[in-house]
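Step one of this worksheet: look at the structure below.
The values are calculated or read from the model by the stated rules, or taken from the named source; none is laboratory data. Here the structure is a predicted model, which means the values were calculated and not measured. Neighbour counts run over all protein chains shown; Cβ positions are idealised from the backbone, glycine included. For the accessible areas, the whole protein counts, side chains as well, though only heavy atoms, and no ligand, DNA or RNA atoms are used. Shrake-Rupley method; radii C 1.70, N 1.55, O 1.52, S 1.80 Å.
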Amino acid sequence: MSHSFDRRTALAGLGAAGLVAVSPAPAFAQGLNLGSILGRATDSALDRLAQPGAFYNDEDVRIGLPMLGNLGSGGSSGGFLGRALGAASRLGGLPGIDDIIRGINDAAGEAAGLAKPIFRDAINGLSFGDAPGIIREADGGTQYLRRSSNDRLSAEFNPLVDAALTKAGLHERIEGIANKNSLLRDAGLNRENINASVTEQGLDGIFSYIGAEERNFRKNPLRGLGNLLRN
């Protein structure tokens with residue numbers, strides 16, 4: 001009896017998905033539970049980025065060397081200083097930098113794998129009815145999550161990044177290079193700046209993946225049918 005009811009409930013919800021284009025935004029958010037959709041998109045994105053090499057192998061989200069005095073820029077290149085140091089490393093001037101970049105990306109992936117609870121808590125705290133415009137955008141839920149929760153997510157993701165970097169010995173290695181390099185030493189490279197840069201770039205990559213998952217789900221809402229029927 002309960003299994004049949006669950007199946008009918010799931011099918012009814014999927015039938016409502018076909019009305020997305022004509023339903024008012026609040027009705028969509030309440031009836032289809034955009035929070036649940038965004039939660040599944042987030043889980044999938046974090047699972048993908050937690051795979052070994054995921055951050056590093058995707059140039060669109062690859063994390064560059066920590067930036068000093070330019071932490072707000074984000075981006076995959078790590079900015080001018082990162083490119084300069086990377087070039088110096090390839091020329092033999094700073095041995096070990098390439099390994100450090102790969103290690104930073106692996107640490108970000110490890111942090112992403114532990115971040116589901118903080119993203120779920122942030123999603124559960126959203127009030128989608130207050131932002132009906134999010135329904136009109138293919139990745140509107142992702143955009144709204146970042147606008148509403150970026151500071152909180154950054155504050156809670158940062159310790160995960162710090163722990164992963166520490167576990168990999170990367171803070172010690174980067175600080176050791178800084179102590180031997182006047183450019184980095186004078187720029188004031190420290191643990192706080194390293195964590196801030198990796199956290200920001202890591203969140204850029206995570207939100208990029210969440211947005212892609214949300215867009216894919218909206219294009220094909222039947223994709224989650226199997227999971228819905230098993231719940």
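Is there a residue being part of a helix (DSSP H, G or I), more than 22 Å from Ala50 (Cα to Cα), basic (Lys, Arg) and open to solvent by 60 Å² or more (accessible area, probe 1.4 Å) anywhere in segment 102-119? Looking through segment 102-119, none of the residues is part of a helix (DSSP H, G or I), more than 22 Å from Ala50 (Cα to Cα), basic (Lys, Arg) and open to solvent by 60 Å² or more (accessible area, probe 1.4 Å).
Entry remark, segment 190-208: residues being in contact with a helix residue (DSSP H, G or I) (Cβ under 8 Å, 6 or more places away or on another chain) and open to solvent by less than 30 Å² (accessible area, probe 1.4 Å) number 10 in total. Here's a check for you: in segment 126-143, which residue that is open to solvent by 30 Å² or more (accessible area, probe 1.4 Å) and not acidic (Asp, Glu) is nearest to Ala111 (Cα to Cα)? The qualifying residue nearest to Ala111 (Cα to Cα) is Gln143. All of Ser154, Ser182, Ser208, Ser197 fail the test of being of a type outside the set (Val, Ile, Thr) and under 16 Å from Ile100 (Cα atoms), apart from Ser197.
Can you name the number of the only condition in (1) at pLDDT below 80; (2) exposed (fewer than 13 other Cβ atoms within 10 Å of the Cβ) that Ile177 fails? With (1) at pLDDT below 80; (2) exposed (fewer than 13 other Cβ atoms within 10 Å of the Cβ) applied to Ile177, the lone miss is (2). Within segment 158-165, is even one residue open to solvent by less than 30 Å² (accessible area, probe 1.4 Å), among the β-branched types (Val, Ile, Thr) and touching a Leu at 6+ places or on another chain (Cβ under 9 Å)? No, segment 158-165 contains no residue that is open to solvent by less than 30 Å² (accessible area, probe 1.4 Å), among the β-branched types (Val, Ile, Thr) and touching a Leu at 6+ places or on another chain (Cβ under 9 Å).
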